[in-house]
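Contents: one structure, followed by commentary.
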Ligand code: DLL
């Protein structure tokens, strides 16, 4: 297959060229931030760093980090680096964790963001002949607008569906020949489920690819979606603070996402000490915006835990790849002293032939943590007898124990009893926080 690029020269430039490009921008960007963002100037002054100290990316480690709490403290305008009259757009995080963050964009910022999304669409095989169905939410959330703009830049026919009304999504997909689906992986799974319920199979829909992100998802989930929808499923990563979707995207190799290094510098740090870790280490992902104007965050701690790799990629792209984030450091559950990531639970469930419809409940009884996992049975599985279901719960609890190191209480529940998600799925309820 001939690899499809949006900006081939940039996407395949040598590592030396990428570095030279970054080195040529970093000094100017730090000066811009120092002179226009008193909040960050103050952090730099406290650390005793001046813009002149930052001559190349090798000096990056001298700069202070920014965290989500800085963003909250500086809300709403404290990190803005351009006059509002030069800004053309605002977006905001979905606020699932109750921590709302807003980001500002100049027209230049929108342009580079849409380029990043266009790269992702083309890496998934998109061309101007394609029909791109965007079922990420439109509005303050960045998902809808980012893909919308990216699809326009590719020249694809864009279907701005937003999320919800799943039967109508499928009807449009069939009537208007959508070839590329963009939504969260949990919504893609729900679309697959609805397709079956409507009496169709993958053969009835024209889709060839899907670009799914905004939440963690496992390889097992990818295989499941690929089979149900008859597509290749590509991962895409991003966060509102950087721009939105498209900070990194998957290519035909489907094993990690290329970070758009001409716009963002990525580092991996030890989340406890802040020390920069060597390539290949697992740690917290930190980003610096190289050429954003309005909201140029420097050394922003994402809380996402992952690994970076510069191994040669079969697609020809040279930008560093981030492997699937295993979850956010603040999503990690500590249950009876053991670290548990929801993604581990999802992997076990799908490996054991269950649906990706589950809910994790953590609570505390008599000073000890409890872990209850509710998993929905498919209608075929539900016909089992009570005794068979109890045996299945036992087997599943034992498979969980092997992976997680602790024993959860499993609850196999009837079909349709767990709420579906049209955007980011909320799968964890930590009741300990309520006590
Ligand atoms: O979720 C932007 C986005 C929209 C990305 C559409 C991809 C597709 P936020 O709402 O600010 O922005 O949430 C950002 O979501 O820090 C990660 O924890 C998580 N996340 C995003 N993409 C992925 C992914 C959008 N592919 C936060 N895998 C990030 C795992 C992801 N986690």
Within the stretch 352-375, the residues that are farther than 11 Å from residue 432 by Cα and out of contact with any helix residue (DSSP H, G or I) (no Cβ under 9 Å at 6 or more places or on another chain) are 359, 366, 372, 374
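One residue is enough: does the stretch 265-277 have a residue meeting the conditions in the same structural domain as residue 12 (by TED's automatic domain parsing), away from the ligand (no atom under 16 Å from the Cβ), surrounded by fewer than 19 Cβ atoms within 10 Å (Cβ to Cβ) and touching a residue at least 24 places away in the same chain (Cβ under 8 Å)? Before the answer, list the steps.
Step one: of the stretch 265-277, the residues in the same structural domain as residue 12 (by TED's automatic domain parsing) are 265-277.
Still in the list and also away from the ligand (no atom under 16 Å from the Cβ): 265, 270, 272-277.
Filter once more, so that each one left must be surrounded by fewer than 19 Cβ atoms within 10 Å (Cβ to Cβ): 270, 272-277.
When the remaining residues are screened for being touching a residue at least 24 places away in the same chain (Cβ under 8 Å), the result is 274, 276.
Yes, the conditions are met somewhere in the stretch 265-277.
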So which strands (runs of 3 or more DSSP E) are wholly in the stretch 299-363 and hold at least 3 residues that are under 21 Å from the mean Cα position of the chain (by Cα)?
300-309
Out of (1) surrounded by fewer than 22 Cβ atoms within 10 Å (Cβ to Cβ); (2) within 22 Å of the chain's Cα centre (by Cα); (3) touching a residue at least 40 places away in the same chain (Cβ under 8 Å), the odd one out for residue 131 is which?
(2)
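Does the stretch 129-151 hold any residues that are over 16 Å from residue 177 (Cα atoms) and touching a helix residue (DSSP H, G or I) at 6+ places or on another chain (Cβ under 7 Å), and which are they? Lay out the reasoning, then the answer.
Of the residues in the stretch 129-151, the ones over 16 Å from residue 177 (Cα atoms) are 136-150.
Hits for the stretch 129-151 are 136, 137, 138, 146, 147, 149, 150.
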Only one of these conditions is not met by residue 327: (1) within 16 Å of the ligand (Cβ to nearest atom); (2) over 24 Å from residue 184 (Cα atoms). Which number is it?
(2)
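Based on this model, can you work out whether residue 338 counts as touching a helix residue (DSSP H, G or I) at 6+ places or on another chain (Cβ under 8 Å) and buried (at least 17 other Cβ atoms within 10 Å of the Cβ)? So that I can check it myself, show each step before the final result.
Details: touching a helix residue (DSSP H, G or I) at 6+ places or on another chain (Cβ under 8 Å): yes; buried (at least 17 other Cβ atoms within 10 Å of the Cβ): no.
Criteria not met by residue 338.
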Among the residues of the stretch 256-280, what is the count of those that are in contact with a strand residue (DSSP E or B) (Cβ under 8 Å, 6 or more places away or on another chain) and in a loop (DSSP other than H, G, I, E, B)?
9
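Looking at the stretch 20-128, what helices (runs of 4 or more DSSP H) fall wholly within it and have at least 2 residues that are within 16 Å of the ligand (Cβ to nearest atom), touching a helix residue (DSSP H, G or I) at 6+ places or on another chain (Cβ under 7 Å) and modelled with pLDDT of 95 or more? Steps first, please.
On the way: elements: 38-47, 68-73, 107-123.
Counting at least 2 such residues, we get 107-123.
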Those residues that are within 26 Å of residue 122 (Cβ to Cβ) and surrounded by fewer than 20 Cβ atoms within 10 Å (Cβ to Cβ), I need them from the stretch 278-312; list them, please.
291, 307, 309, 310, 311, 312
For strands (runs of 3 or more DSSP E) lying entirely in the stretch 137-246, having 1 or more residues that are crowded, with 22+ Cβ neighbours inside 10 Å, outside the structural domain of residue 347 (by TED's automatic domain parsing) and within 12 Å of the ligand (Cβ to nearest atom) picks out 180-183, 209-213, 232-239
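Every residue, every condition in (1) at positive phi; (2) at pLDDT 95 or above; (3) within 12 Å of the ligand (Cβ to nearest atom), yes or no:
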position	(1), (2), (3)
288	no, yes, no
295	no, yes, no
302	no, yes, yes
311	no, yes, no
317	no, yes, no
323	no, yes, yes
340	no, no, no
343	no, no, yes
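The values are calculated or read from the model by the stated rules, or taken from the named source; none is laboratory data. This structure is a prediction, so every number in the text was calculated from the model and none was measured. In this analysis, Cβ positions are derived from the backbone assuming ideal geometry, glycine residues included, and neighbour counts consider all displayed protein chains.
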